[in-house]
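Before I ask anything, let me first share the structure, which is written out below as structure tokens.
Laboratory data are not the source of any read-out in this text; all were calculated from the coordinates shown. All of these numbers come straight from a predicted model, not from anything done at the bench. Quick reminder, even Gly has a Cβ in these numbers, built from the backbone with ideal geometry, and neighbours come from all protein chains shown.
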Amino acid sequence: MNTVDSLKTEKPLLPKEFTVTYAGFFRAALIYLSLPVLIFFLGYLKPLWAAIFGIGLIVPVTLCLLDNKKRKEDRCTLAAESISVKPSFVIFVSLALLVLLVLSGIGEFVFTSEDHRVRYAILNDLVHYKWPVVYDYSTQTNPAVIAQLGNGHGALTYYLVFWMFPALVGKMFGLLAARIALVIWSAIGMFLVTIGVSLMYKRASKMLFVALMLFAGFDVIPYAINVITGTATTWEGWTSHLFIHGNYFQLMNVFNQSIPGWLITILLVTSGNVRSIGLLGGLMFCYSPWATIGLLPLCICKFVMSYRQKETLKNFLKDFITPMNLIVPIICLICFGALYTSNPSATGENGLIWNFYDSPLKLIKDYLFYVIFEFGIWVLLIYKKHKKDPLFWTSLLTLLILPVYKMTEANDFLMRGSLAPMFLISIYVVMHITDCFEMCRDNSTPRRKAIEGRVVLALLMVASYTTFNHVLTIPLVTYRMYSGDEQYIDEKDSIGSFGDFHDETLMWVFELYVNDMEDSAFFKYFAG
């Protein structure tokens with residue numbers, strides 16, 4: 001055989017494409033979500049409770065994985081059994097995610113939003129303190145902090161689960177390794193989210209990923225109105241009560257809730273049975289009690305859909321009463337419910353939404369703007385295709401009802417409670433946008449359809465105003481911050497550690513994350 005023939009028969013370094021199955025995605029996603037919870041149990045709890053809760057998690061997760069592998073006939077309804085993925089897609093998404101996640105502030109390697117004052121301190125303390133993290137106030141060095149805190153001690157009480165794996169890496173190799181691990185761990189989660197959405201779309205598409213990252217409401221419109229009228233505003237916070245962050249802004253502010261929350265939402269809506277819905281709801285509660293609020297209506301909807309498909313109540317109960325539906329929600333509610341409620345001041349101001357408005361007209365205007373610009377325009381675009389989808393209607397009704405109540409100054413009840421239903425709406429919209437993009441590329445598309453497609457793509461550009469602002473602004477500010485030409489405060493250093501608070505003007509965050517815990521059930525009975 002000559003050299004030319006040998007080169008022709010030589011196998012390429014990478015296959016032209018490879019197959020990604022829903023079963024493989026399901027296994028990877030469930031392991032990704034469960035591992036940090038298990039680390040929390042083993043690292044944070046007394047040995048007896050760690051064993052009970054650990055086994056109570058491992059057994060149902062294992063049963064769920066086996067159940068998903070065996071029951072192919074009802075494994076998924078809204079997703080393809082498998083899709084073909086090209087290496088170029090994997091490389092593009094992986095590199096784009098690493099860049100976007102670093103720019104979002106994860107790991108705190110660039111100029112970040114104010115939320116990362118706390119994010120950095122949490123990871124720092126999880127790395128450097130013994131678990132569970134308890135502070136002796138005598139370690140404070142800032143005189144103003146010492147005067148305010150006095151003597152005593154407090155504990156870190158927050159939604160810590162997403163940081164557990166990177167923090168474990170940090171305990172072995174240091175804080176820098178933990179920060180790098182946090183970026184990689186987040187990228188893995190977002191890659192799984194991308195694969196999940198691609199399975200729902202029934203093929204992998206780079207445009208699908210781009211649209212998913214750019215998706216947001218039309219906050220730029222009320223923002224512009226506020227600028228013109230001289231009203232205080234931010235790019236997405238055009239009101240202090242009723243607004244929802246876009247996908248990229250969610251990553252910037254609450255990656256610890258949004259990444260696992262999005263992944264759980266995908267697993268829930270694509271599940272062809274209800275045998276593990278309780279498991280998914282329990283996992284969501286571990287990562288975000290707020291997101292669990294918005295997930296519950298979708299869970300109920302899935303149960304109702306399943307009940308209607310079963311011939312008898314007995315068949316439905318056979319699927320409903322499973323270890324996955326019973327054990328995991330109970331142990332997660334007991335453990336994390338005790339952790340979250342150990343700090344009663346964490347919710348801050350709360351009450352019915354109209355109690356926060358002096359004028360009914362102002363409330364009506366804000367609510368209408370919220371409905372129209374956050375999701376209403378997008379809903380009109382996808383209504384025709386999804387008008388018979390119960391999950392679509394459940395998501396829409398949830399978004400309409402959630403504003404009735406406000407909890408925390410920033411209204412986390414709405415901002416994070418809307419995470420699951422808003423993400424499902426965004427998936428439907430993103431798939432529609434990708435279809436429009438493909439129509440515009442196809443020369444055989446009728447003129448009217450091509451114009452409609454361009455209008456939809458233009459709407460995406462308008463909605464992604466905030467995302468583009470952040471992606472363009474953060475590298476510039478980061479350069480100036482590190483070049484020394486201008487003085488910028490690195491937000492990650494504002495707090496540093498709750499054990500040695502740098503900036504006394506931010507002491508209000510102690511009410512949210514650190515508390516006297518002597519009488520709390522979690523630290524009295526469960527914490528190691």
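Cα to Cα, under 16 Å, and not fewer than 8 places away if on the same chain: which aspartates and glutamates meet these conditions relative to residue 406?
Of all the aspartates and glutamates, those that pass the test against residue 406 - Cα under 16 Å, at least 8 places apart if same chain - are 349, 358, 366.
Once you've got the Cα coordinates, tell me which of 206/302; 206/385; 16/388; 362/492 are over 27 Å apart.
Beyond 27 Å between Cα atoms: 206/302; 16/388; 362/492.
A further question on this structure: Just to be sure I follow the definition: excluding the sites themselves, where is the longest run in the chain that has none of the GluC sites (Glu not before Pro) in a DSSP loop with at most 15 other Cβ atoms within 10 Å?
Counting at most 15 other Cβ atoms within 10 Å as exposed, the longest clean stretch of the chain is 115-310.
Which whole-Hz ³J(HN,Hα) couplings does segment 164-173 yield from phi under the Karplus relation 6.51 cos²θ - 1.76 cosθ + 1.60, θ = phi - 60°, glycine and proline marked x?
5, 5, x, 5, 5, 4, x, 5, 8, 10
Calculate for the chain the 222 nm mean residue ellipticity that helices alone would give, adding -39,500 (n - 2.57) per DSSP H run of length 4 or more and normalising by residue count, nearest 500 deg cm²/dmol.
Computed ellipticity for the chain at 222 nm equals -20500 deg cm²/dmol.
Additional query: What shape does segment 306-385 take by its C-alpha gyration tensor, where a ≥ b ≥ c are the square roots of the eigenvalues and a/c under 1.5 counts as rounded, a/b above b/c as prolate, and the rest as oblate?
Verdict is oblate for segment 306-385.
Amide H neighbours of residue 405 under 5 Å, counting only residues 5+ apart in sequence or on other chains, H built in-plane at 1.01 Å?
The answer is 353.
I've got another one for you. State, as an integer percentage, the relative contact order of segment 135-184 based on alpha-carbon contacts under 8 Å between residues 6 or more apart.
About 26 percent, as a whole number.
Sticking with this structure for a sec: Under a straight-distance cross-link criterion of Cα-Cα below 18 Å, which aspartates and glutamates are reachable from residue 449, leaving out those fewer than 8 residues away in the same chain?
Cross-link targets: 435, 438.
Can you tell me the FRET efficiency between residue 84 and residue 442 if r is taken as the Cβ-Cβ distance and R0 is 22 Å, rounded to the nearest 0.05?
0.65
Which translational diffusion coefficient, to the nearest whole µm²/s, is obtained for the chain from the Stokes-Einstein equation, given a Kirkwood hydrodynamic radius over C-alpha pairs, 37 °C and 0.692 mPa s?
Taking Rh from Cα pairs, D becomes 133 µm²/s.
What is the Å³ per residue value for the convex hull set by the Cα atoms of segment 184-311?
With only Cα atoms used, segment 184-311 gives 135 Å³ per residue.
In debye, nearest 20: dipole of segment 95-199 around its Cα centre with unit charges on the Cβ of K, R (+) and D, E (-)?
180
Listing 416, 448 from the residue with the fewest other Cβ atoms within 10 Å to the one with the most, what is the order?
Least crowded to most crowded, the residues run 448, 416.
Quick one: length gained pulling residue 502 to residue 203 fully straight, 0.36 nm per residue minus the C-alpha distance?
This chain segment gains 102.7 nm when fully extended.
Then there's this: Could you pull out every residue, at least 5 positions away or on a different chain, whose amide H is within less than 5 Å of the one on residue 45? Hs are placed 1.01 Å off N in the peptide plane, and Pro or chain starts have none.
Correct list: 528.
Here is a follow-up. With a cut-off of 8 Å between alpha carbons and a minimum separation of six or more residues, what is the relative contact order of segment 19-526 in percent?
Relative CO of segment 19-526 lands at 24 percent.
Same structure, new question: Taking amide H positions as placed 1.01 Å from N in the peptide plane, with prolines and chain starts having none, which residues 5 or more places from residue 153, or on another chain, fall under 5 Å of its amide H?
137
Same structure again: Compute the length gained on full extension between residue 352 and residue 449: take 0.36 nm times their separation in residues and subtract their Cα-Cα distance, giving the result in nm to one decimal.
Separation in residues times 0.36 nm, less the Cα-Cα distance, equals 30.5 nm.
If you don't mind, another one. Going by Cα centres, segment 442-495 and segment 211-268 are how many Å apart?
So the two Cα centres are separated by 13 Å.
What list of ³J(HN,Hα) values in whole Hz, one per residue of segment 108-115 in order, does the Karplus curve 6.51 cos²θ - 1.76 cosθ + 1.60 (θ = phi - 60°) give from phi, with Gly and Pro shown as x?
6, 9, 10, 4, 10, 6, 4, 4
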